[in-house]
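I have placed the structure first, in the form of structure tokens, so that the comments after it can refer back to it.
FYI, it's all coordinate maths here, none of it is from the lab. All figures in this text were calculated on a predicted structure; none of them were measured in a lab. When we count neighbours, we look across all protein chains shown, and the Cβ atoms used for this are built from the backbone with ideal geometry, even at glycine.
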Amino acid sequence: MEPRASTDYIVIHCSATKPSMDIGAETIKDWHVNERGWRDIGYHKIIKRNGDVEDGRDIRDSGAHAAGYNSKSVGLCMVGGMAEDNSAENNFTPHQWVALIMEVKKLSETYPDAKIIGHNEISEKECPSFDVQQWKADNL
């Protein structure tokens, strides 16, 4: 497998699932492979509701999470981000916020020049259901 030529972005996503859906990498991989026909899960890391971080696609591999940015980014996915009425909602757990800080710090050490952004900054989506730049200013 060829590693990415560069890693310019760390893109934060949400799974667009309701708080009652306590899923992980296995479920998301099933959606991506069996429902969308992709060769693997699109994200590199998944942060479950309990704060556990699961590996998705190999970190050296190009992701499938942000059109136009996959070859130059790492994709992190927070499980949640959707209200019971299917609207975007910042409903992440305290454990997820701690895990996100730790994971972004680790990735930033590996890719010190990578810009940390939300998926909504490069697409017409509400994902990840929170303002990544404000979160970054408050936490990193």
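Taking the DSSP beta bridges in the chain as the whole, what percent of them are antiparallel, to the nearest 5?
20
Once you have the Cα-Cα distance between Thr27 and Ser6, take 0.36 nm times their residue separation minus that, and quote the gain in nm to one decimal.
4.7 nm
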Using a cut-off of 16 Å between alpha-carbon atoms, which lysines can reach Lys105, once sequence neighbours fewer than 8 places away in the same chain are excluded?
-> Lys45, Lys115, Lys136
For the chain, calculate the relative contact order in percent as a whole number, restricting contacts to Cα pairs under 8 Å that are 6 or more residues apart.
-> 32
Report the charge-dipole magnitude of the chain in Debye, nearest 20, computed about the Cα centre from +1 at each Lys and Arg Cβ and -1 at each Asp and Glu Cβ.
-> 280
May I ask you to order 26-39, 53-66 by the average number of other C-beta atoms within 10 Å around their residues, highest value first?
-> 53-66, 26-39
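What Kirkwood Rh does the stretch 9-139 have if only Cα atoms enter the pairwise 1/r average? Answer in Å.
It works out to 14.5 Å.
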Among 75-82, 40-47, the order from most to least packed when residues are scored by Cβ within 10 Å on average | 75-82, 40-47
Farthest towards the positive end of the dipole of the chain, among Asn70, Gly80, Ala5 and with Cβ unit charges of +1 on Lys and Arg and -1 on Asp and Glu, lies the Cα of Ala5
